[in-house]
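Readers should treat all values here as calculations from the given coordinates under stated rules, not as data from a laboratory. Predicted model, so just to flag it, every value in this text is computed and none were measured. Cβ sites come from the backbone with ideal geometry, for glycine too, and all protein chains shown count toward neighbours.
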Amino acid sequence: MPTTSDPHSDPLIQAAKLQHEIAERLGIAPENLIFDFREQGGRVRLDLITINPKHGQSFLFQTTTGESKLDALYAMLHYVKTYKEKDQSFTIQWALKGDKELHTSYFRAANIFEALEKFSYGRDVNSVIIFSVTLNPIS
């Protein structure tokens, strides 16, 4: 016989609600976000990956860690609430090798190297040509 439990205590429901809130705060459709969890050194690492529906490419938005999936999600939610005040804004203009179409992607990062890491996450760096990386003015 199934037992009735408090839905607020179910970690799967809590995780789904946190993922939904993160997607809403970012203004990105849930199907264009990947929450990639991994065990790393006894902790849980969460890589939040965005998919751009225009060109179908994925980029790292941010990495957080925690003692559990929920901890990593709460850390990501905190980042999403505060990243615009903490990180600088970068524009990267790029194209896939063999493709003439120029793409423009935007990143928030602590510095230019982190912006390039987020851009190159999960891809062969020889598959793209980067034409420019620009630190955007503070607005």
### Query
Taking neighbour Cβ counts within 10 Å as the exposure measure, how do 10, 71 sort from fewest upward?
10, 71
### Query
Using the alpha-carbon atoms, what tilt in degrees (0 to 90, nearest 10) does helix 11-26 show relative to the longest principal axis of the chain?
30
### Task
Taking each pair of different alpha-carbon atoms in region 87-139 once, compute 1/r for the pair, average those values, and report the inverse of that mean as the Kirkwood hydrodynamic radius in Å to one decimal.
11.4
### Task
With an 8 Å cut-off on Cα pairs and a minimum separation of 6 or more residues, tell me the relative contact order of the chain in percent.
18
### Task
May I have the pair-distance distribution P(r) for region 39-83, computed from all Cα-Cα distances with 10 Å bins from 0 and rounded to whole percent?
30, 42, 24, 4
#### Entry: Signed unit charges on C-beta, dipole axis of region 1-85, positive-most listed residue 53, 34, 15
53
### Summary
residue 130 and residue 14 label points (each 7 Å along its Cα→Cβ direction) are spaced in nm at 3.8
### Message
Placing unit charges on C-beta atoms (Lys and Arg positive, Asp and Glu negative, everything else neutral), compute the dipole magnitude of region 87-139 about its Cα centre in debye, rounded to 20.
### Response
80
#### Entry: Sorted by Cβ density within 10 Å, fewest first, the residues 9, 58
9, 58
### Task
Collect residues whose amide H, placed 1.01 Å from N in the peptide plane, falls under 5 Å from the amide H of residue 103; neighbours closer than 5 in sequence don't count.
94, 95
### Query
Which of these values of Rg and Dmax of the Cα atoms in Å was calculated from the structure shown: [x] 17.9, 62; [y] 17.2, 62; [z] 13.4, 41?
[y]
